[in-house]
Amino acid sequence: MKRILMTGTSGFLGSHLFNYLSKENNVEPLYVRSNNLAEIPEKILKFNPDIFIHVGWAKGNSFKDIHSIKQFDNVRVGAKILESLSKNKNLHFIGFGSFSEYEKNKFSKETDIECPDSEYGLAKNMFGLISEVFCNNNNFDWTWIRPCYTYGKDDVNTRLIPKVIKSCLNNENLELDSCDSVVDYLYVEDFIRAVGSLIKNKKSGVFNICSGEKYIIKDIVNKIKQICNSSSQITFNSTKDRKNFSRYICGDNSKLINSINWKPEWSLEDGLEKTIETYNEK
């Protein structure tokens, strides 16, 4: 049984991963706030983790947030965490990056040169590089995870899929942008299973965790409406499209598949049906 200390356990991905890993490990949450940074070293020293998973990241959901200079506060907080880990031995550090680290509108591979065009992507990339150097200098294992879009139970209400599901279940009309972007979506259960396998097999390096499929967002929206058997009128309005927003967010998952013998078990339709069921249960 591994001792795992983890940030971001109250978020969407973090909460699912926390519950999954807790089945076979001693997992403790580390709550990080700007006003409790001085307490972090003692908490880390007391728990003495074998594995540290840094999922927590402030200001990351809205379009306005990802272009905020406050994104770099996350790098400062992350550096404080790394400093506090320096007394540990034989540690495996796992950090969560983003597809926003890659050049936009391009099929993304782990070997690509990073080219972020937002404060969010740049801050993620900066901390990834800092944590890699830190782990190399301290002889720690280092894993950097880049998730594609994910969805499932208890997703953030402001994100696209929860927003569309709620409107369709209530038969409410909805106006969206053109929704012509091509994206990669992965059901959350497949995502956490991949992370769990990377941990169990102690794999180091950068890994895209994605389905490897390409979906047009408009098709996803229409599929949700169909599954919900909804009478909602959904309008796609290109005048609402965001400027300088990537229209193609897809990646290569072959490194992940070859490293841990993993593949997605949930199709998009099955994952959407399961997600919609959780809304009906509320």
Ratio of Rg to Rh over the range 118-162 (Cα coordinates, Kirkwood Rh, two decimals): 1.15
Orphan Cys of the chain, criterion: no other Cys C-beta under 4.7 Å: CYS115, CYS135, CYS179, CYS250
Where Rh is the Kirkwood radius over Cα pairs, Rg/Rh for the range 32-167: 0.99
Ranking of LYS240, LYS218 by count of other Cβ atoms within 10 Å, fewest first: LYS240, LYS218
Per-bin percent of Cα-Cα distances, the range 215-282 [5 Å]: 3, 11, 16, 17, 17, 16, 12, 5, 2
Neighbour-count order for SER238, SER211, SER84, fewest beta carbons within 10 angstrom listed first: SER238, SER84, SER211
Rg over Rh [alpha-carbon atoms, Kirkwood Rh] for the range 143-191: 1.03
Equivalent ellipsoid semi-axes - Cα gyration tensor, the chain, angstrom: 33, 20, 18
Relative contact order of the chain, pairs being alpha-carbon contacts under 8 Å that are 6 or more residues apart, as %: 18
Sequence-separation-based contact order of the range 47-118, relative, with Cα cut under 8 Å and 6+ spacing, percent: 35
Of all DSSP beta bridges in the chain, antiparallel share, percent nearest 5: 5
Mean separation of Cα contacts under 8 Å, 6 or more apart, over the residue count of the range 7-138: relative contact order %: 24
The range 112-200 - convex hull of the alpha-carbon atoms, volume per residue in Å³: 147
Inter-probe distance in nm under a simple model that places probes 7 Å from Cα toward Cβ, at ILE257 and ASP141: 2.4
Residue among ILE216, ALA58, ILE249 farthest towards the positive dipole end of the chain, charges placed on Cβ: ALA58
The range 1-44: projected area of the alpha-carbon convex hull, averaged over directions, in nm²: 3.2
Most to least packed among 142-151, 39-48 [average Cβ atoms within 10 Å]: 142-151, 39-48
Kyte-Doolittle mean at least -1.0, axial Cα span of 20 Å or more - DSSP H helices of the chain: 119-137
Pairs from LYS109/LYS214; LYS46/LYS124; LYS218/LYS240; LYS166/LYS274; LYS23/LYS80 whose Cα-Cα separation, in the structure shown, is over 19 Å: LYS46/LYS124; LYS23/LYS80
Sorted by Cβ density within 10 Å, fewest first, the residues HIS92, HIS54: HIS92, HIS54
Size of the range 1-90 as Cα extents on the principal axes (Å, biggest first): 41, 27, 21
Share of pairwise Cα separations in the range 132-282, more than 21 Å, in percent: 51
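Every number in this text was worked out from the coordinates using simple rules, so none of it is lab data. The structure displayed is predicted, hence computed values, not measured ones. For neighbour counting, all protein chains shown are included, and Cβ atoms are generated from backbone atoms with ideal geometry for every residue, glycine included.
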